[in-house]
Amino acid sequence: MMLMRQLLGHCARSEEACLDVVDATLYRSAGSGGSGLKDMLAMAGSVWTVSEDQRSLVRMVEPTASAAFEQAIDLPGVASEELRQAWSAAFGRSPNPSDAWDHAIKAVEAALIPVVVPKQAAAQLGHVVGHLDRQGDKFDFVLSTQQGPTSMEVLGGLLRLLWPNPDRHGGDASRAPTLIEAQSVVHLAVTLVQWARTGVLSKRP
């Protein structure tokens, strides 16, 4: 009872304090009651909702983007887990843009390395980009361009938007990414993971 009074008193201080308590409670309760809370937040028109795993609060995202994320993590595996962490770091109560960017890269690596460079030791996204640059003609990409860059060059360009994280550059080039940059990268990672899993990019026999 004493703890409950303390929590209610903390919530009464400000909306932000209340949201922090709710977020922490979801985490400690392993998502118990998250479904009902999600409905209440929606009815109240809140900018916050309950995360897909019901263990935290996340900022509401445009429904189409949210549906794409949920579809991308529908299959078990490393790519899905990395996307979940990227999403939480980009849209959660305590956003971490650099962490979101790192997990987005790891998600795409987990999805694309088995397709592009399955035999490469200690493969990273840079290996994927380089291989597609050199041997893109050995892959099929269902989207084609009518003029200008080839479809593989466009795909390479998308991957270069994702890699590397600007926070991981050496020397003066290193900088912390902004939150909107990280959120955009996470959305891009969702698309790339989905493409890899549905055969949009495939290696020719």
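Tell me, which helices (runs of 4 or more DSSP H) wholly within segment 107-202 include 3 or more residues that are of a type in the set (Lys, Arg), modelled with pLDDT under 95 and more than 16 Å from the chain's Cα centre (by Cα)? Here the list is empty.
Filtering segment 179-194 to residues that are in contact (Cβ under 8 Å) with a residue 40 or more places away in the chain and within 20 Å of THR64 (Cβ to Cβ) leaves ALA182, GLN183, VAL185, VAL186, HIS187, LEU188, ALA189, VAL190, THR191, LEU192, VAL193, GLN194. Starting from residues that are among the aliphatic types (A, V, I, L, M) and in contact (Cβ under 8 Å) with a residue 60 or more places away in the chain, keep the ones in segment 44-72 and report whichever is surrounded by the fewest Cβ atoms within 10 Å (Cβ to Cβ). Among those that are among the aliphatic types (A, V, I, L, M) and in contact (Cβ under 8 Å) with a residue 60 or more places away in the chain, it is ALA65.
Applying the condition of being under 20 Å from LEU83 (Cα atoms) and in contact with a Pro (Cβ under 8 Å, 6 or more places away or on another chain) to segment 156-175 and asking which residue is surrounded by the most Cβ atoms within 10 Å (Cβ to Cβ) yields ASN165. Any residue at all in segment 165-178 that's aliphatic (A, V, I, L, M), assigned by TED's automatic domain parsing to the domain that holds GLU70 and within 24 Å of GLU70 (Cβ to Cβ)? The answer is no; no qualifying residue exists. May I ask you to verify whether TRP101 is aromatic (Phe, Trp, Tyr) and under 14 Å from LEU162 (Cα atoms)? So TRP101 fits the description; yes.
Say we look at segment 78-94 and pick out the residues that are polar (S, T, N, Q) and surrounded by fewer than 23 Cβ atoms within 10 Å (Cβ to Cβ); which of these is nearest to VAL185 (Cα to Cα)?
GLN85
Inclusion of VAL117 among residues that are touching a residue at least 24 places away in the same chain (Cβ under 8 Å) and either closer than 17 Å to VAL193 by Cα or outside the structural domain of HIS187 (by TED's automatic domain parsing) (or both) is not warranted. Does ALA100 fit the bill of being assigned by TED's automatic domain parsing to the domain that holds VAL193, under 19 Å from the mean Cα position of the chain (by Cα) and either outside any helix (DSSP H, G or I) or within 25 Å of ARG28 (Cα to Cα) (or both)? Considered against the rule, which asks whether it is assigned by TED's automatic domain parsing to the domain that holds VAL193, under 19 Å from the mean Cα position of the chain (by Cα) and either outside any helix (DSSP H, G or I) or within 25 Å of ARG28 (Cα to Cα) (or both), ALA100 comes out as yes. Counting only residues that are part of a loop (DSSP other than H, G, I, E, B) and either aliphatic (A, V, I, L, M) or within 17 Å of ALA90 (Cβ to Cβ) (or both), segment 66-76 holds 2 of them.
When we screen LEU75, LEU125 for residues that are closer than 16 Å to VAL193 by Cβ and surrounded by fewer than 18 Cβ atoms within 10 Å (Cβ to Cβ), the only hit is LEU75.
The values are calculated or read from the model by the stated rules, or taken from the named source; none is laboratory data. Keep in mind the model is a prediction, meaning the values are calculated, not measured. A quick note on method: Cβ atoms are made from the backbone with ideal geometry, for glycine too, and the neighbour counts reach across all protein chains shown.
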